[in-house]
Each structure stands twice: as structure tokens, then as C-alpha cells.
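The values are calculated or read from the model by the stated rules, or taken from the named source; none is laboratory data. These numbers were taken from a predicted model, which means no experiment stands behind them. When we count neighbours, we look across all protein chains shown, and the Cβ atoms used for this are built from the backbone with ideal geometry, even at glycine. Remember, those area values only see protein heavy atoms, side chains included, never the ligands or the DNA or RNA. Shrake-Rupley method; radii C 1.70, N 1.55, O 1.52, S 1.80 Å.
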Amino acid sequence: MKQLCIHTITTKPWRLEESLDNYCRQEVGGISVWQDAVQSIGTVEAGKLIKEYPIKVVSYVRGGFFPHSSREYRQKAVDHNKKMLDEAVDVDAPMLVLVCGAEPSVNLGESRKQIQAGIEAILPHAQSVGVKLAIEPLHPMYADTRSAINTLKQANDMAAAINNDFVGVALDVYHVWWDDTLEQEIRRCGALNKLFAFHICDWKVPTSDMLLDRGLMGEGCIDLKTIKHWVKQAGFNGFHEVEIFSNIHWAKDQHQFLAEIIAAYKDYTALEANINSKTTVYKAQTTLT
Ligand code: ZN
């Protein structure tokens with residue numbers, strides 16, 4: 001499972017050391033480290049700990065949150081992101097994922113300008129420490145407070161406008177699966193050499209919580225086999241990162257959950273796209289109420 005990466009948030013009840021122990025026991029190839037997972041021991045100690053394990057750090061999660069009506073706040077966000085880049089270096093992460101931010105008092109167009117300005121302000125620091133920046137488009141239901149970048153097109157446009165090798169895109173199926181321009185924008189992202197990361201999970205039907213009810217691959221209605229095919233066609237050969245926030249999964253014994261992740265990942269890797277197929281791999285029982 002060389003190309004499998006798991007985000008520490010996916011097994012949130014585990015401390016970093018438990019995640020490392022258990023992921024490595026299953027020969028998981030990569031780990032994306034969330035800031036909350038390293039807070040208790042600090043990033044320097046976390047970095048030393050991670051080096052003891054045969055696992056690659058894929059990214060540090062998450063910077064961003066640039067827009068605000070106050071210039072002072074925006075500067076604070078820039079400073080905070082520079083600190084996040086230093087922390088990424090401590091944990092040996094080659095990339096910082098950006099949840100770009102949104103502020104209800106700032107309109108979306110202005111927010112996007114502020115996001116671009118924020119990324120450009122931290123870019124020299126990112127280059128100096130050798131950590132890339134990945135713009136992650138978020139589903140439009142989060143356009144109020146989490147991100148004004150809501151489509152892959154918007155992320156591609158911004159990465160293209162900034163036009164620097166250190167700025168690319170993190171594609172998360174949960175946020176973009178509904179988009180009818182997805183295929184062409186994945187192709188464009190690949191052609192721009194901007195496809196830095198690929199996050200996988202599933203969209204449950206029904207979804208009980210818009211933030212904390214993500215499903216395992218195969219547990220929802222996302223056409224993973226087709227999206228995986230497009231990403232591969234776009235030249236992506238990196239990690240497939242399982243990123244799941246779920247009160248239901250977190251409430252389980254995490255060893256059992258990890259076994260379910262591994263099984264779901266194996267099924268997912270076995271999926272081969274038949275692009276003429278009209279059906280997805282949706283397996284769960286639909287119980288609409
Ligand atoms: Zn993601």
C-alpha cells in the first residue's frame with residue numbers, strides 16, 4: 001500500500017504515536033499530519049518521532065484562512081501561515097495544504113483577491129524553506145466561513161495566475177465530485193503541473209452533518225472510479241490520501257476503523273474505470289427520510 005496515505009484527523013482519537021504505530025503495522029506508505037495531532041508534543045518532537053517510522057509525510061494540514069475585513073487580521077493570518085510553514089519543515093512535510101478561508105462580511109470576489117494576496121505574501125517564505133502550497137477548493141456549502149475557493153476551476157485559475165512552481169492544488173473528491181467541469185479541470189490542472197495532492201473519501205446519502213459525516217470510499221455516491229481515472233490520466237502518480245472527518249467512525253474502536261479503511265482502500269484500488277458505465281460504485285442502502 002505504497003500509495004496509501006492517511007490523514008491523522010481520520011483517526012482523530014489516536015495520538016500521533018498511535019497513528020504512526022498502527023499505520024506502519026499495516027504498511028501504509030504516507031501520513032498527512034494535522035496541526036492538532038502534534039500540538040501536545042510540539043512539532044520538533046513530532047518530527048523526531050516521525051523519523052523513527054518507515055512512512056513518508058505527505059503534507060501538513062492546514063494553513064490558509066486569509067480573508068478578513070481587517071487589514072490587521074489579514075497580516076496576522078500571513079504571519080500565522082509563515083509559522084505553519086516552519087512547522088511543516090519540523091515535521092518533514094514537503095507541502096502545506098491551504099483551506100483558503102472566507103469571511104461573511106467580505107464578498108466572495110474580494111475574498112478571492114485577499115486569498116491570492118495572502119498566498120503571494122507567504123510564497124517567498126515557502127520557497128525559502130522548501131515547502132509547497134496546495135490550494136484546496138472546498139464545497140460551496142463552506143463558502144460562508146471556510147473557503148471562497150469552491151471549484152477546481154477557481155483553484156486552477158488562482159494557481160495559474162500566481163504562476164509559481166511552489167503553488168498548486170489539492171483535489172479532494174468530497175468537495176468537487178458534483179462539478180460538471182471536473183474532468184476538463186482535472187486535465188487542465190495536470191497540464192499546468194499543478195495537481196499536488198489527491199484526497200479521497202465518500203459522500204454519504206443522506207449526509208447527517210455537513211462537516212463531520214464523511215464516508216469511507218464505497219460508502220457513498222461519489223463516482224470514485226471515474227475521478228481516479230481522470231486523475232491518473234492527468235499524470236498524477238502521488239499518494240491517495242484518506243481524509244475522513246466522521247463522528248460515527250471516530251466513535252468506533254480505531255483499530256477496527258483502520259481495518260475498514262484498509263479494506264475500502266483495497267476495493268478502491270481495484271476499481272477500474274469503465275467510462276461508458278452509467279452507474280457508480282454506490283453500495284450503501286439509501287434511506288431518504
Ligand atoms: Zn481534503
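Tabulated data for the structure shown
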{"read-out": "Segments classed as helices (runs of 4 or more DSSP H), wholly inside region 144-246, with at least 3 members that are in contact (Cβ under 8 Å) with a residue 24 or more places away in the chain and within 30 Å of Ala263 (Cβ to Cβ)", "value": "173-176, 182-191, 224-233"}
{"read-out": "Test: residue in region 113-132 that is within 17 Å of the chain's Cα centre (by Cα), within 15 Å of the ligand (Cβ to nearest atom) and closer than 21 Å to Val242 by Cα", "value": "no"}
{"read-out": "Answer from Ala143, Ala160 - the residue that is more than 23 Å from His80 (Cβ to Cβ), at pLDDT 95 or above and small (Gly, Ala, Ser)", "value": "Ala160"}
{"read-out": "Residue in region 65-77 that is within 16 Å of the ligand (Cβ to nearest atom), over 19 Å from Leu258 (Cα atoms) and either modelled with pLDDT under 95 or of a type in the set (Gly, Ala, Ser) (or both) present", "value": "no"}
{"read-out": "Total residues in region 78-98, condition open to solvent by 10 Å² or more (accessible area, probe 1.4 Å) and in contact (Cβ under 8 Å) with a residue 24 or more places away in the chain", "value": "9"}
{"read-out": "Residue within region 61-77 that is in contact (Cβ under 8 Å) with a residue 24 or more places away in the chain, surrounded by 20 or more Cβ atoms within 10 Å (Cβ to Cβ) and under 15 Å from Ser19 (Cβ atoms) present", "value": "yes"}
{"read-out": "Test: residue in region 38-49 that is in contact with a helix residue (DSSP H, G or I) (Cβ under 9 Å, 6 or more places away or on another chain), among the charged types (D, E, K, R) and within 16 Å of the ligand (Cβ to nearest atom)", "value": "no"}
{"read-out": "Region 224-237, residues that are more than 16 Å from the ligand (Cβ to nearest atom) and open to solvent by less than 30 Å² (accessible area, probe 1.4 Å)", "value": "Lys225, Thr226, Ala234"}
{"read-out": "Restricting region 194-214 to residues that are of a type in the set (Val, Ile, Thr) and either within 13 Å of the ligand (Cβ to nearest atom) or farther than 18 Å from Tyr142 by Cβ (or both), the residue that is most open to solvent (accessible area, probe 1.4 Å)", "value": "Val205"}
{"read-out": "Answer from Glu103, Glu110 - the residue that is over 19 Å from Val131 (Cβ atoms) and buried (at least 20 other Cβ atoms within 10 Å of the Cβ)", "value": "Glu103"}
{"read-out": "Pick from region 1-37, criterion within 16 Å of the ligand (Cβ to nearest atom) and in a helix (DSSP H, G or I), ranking: most open to solvent (accessible area, probe 1.4 Å)", "value": "Asp36"}
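For every residue, the table says whether it meets (1) in contact with a Gly (Cβ under 7 Å, 6 or more places away or on another chain); (2) within 15 Å of the ligand (Cβ to nearest atom).
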residue	(1), (2)
Leu216	no, yes
Ile222	no, yes
Phe239	yes, yes
Lys252	no, no
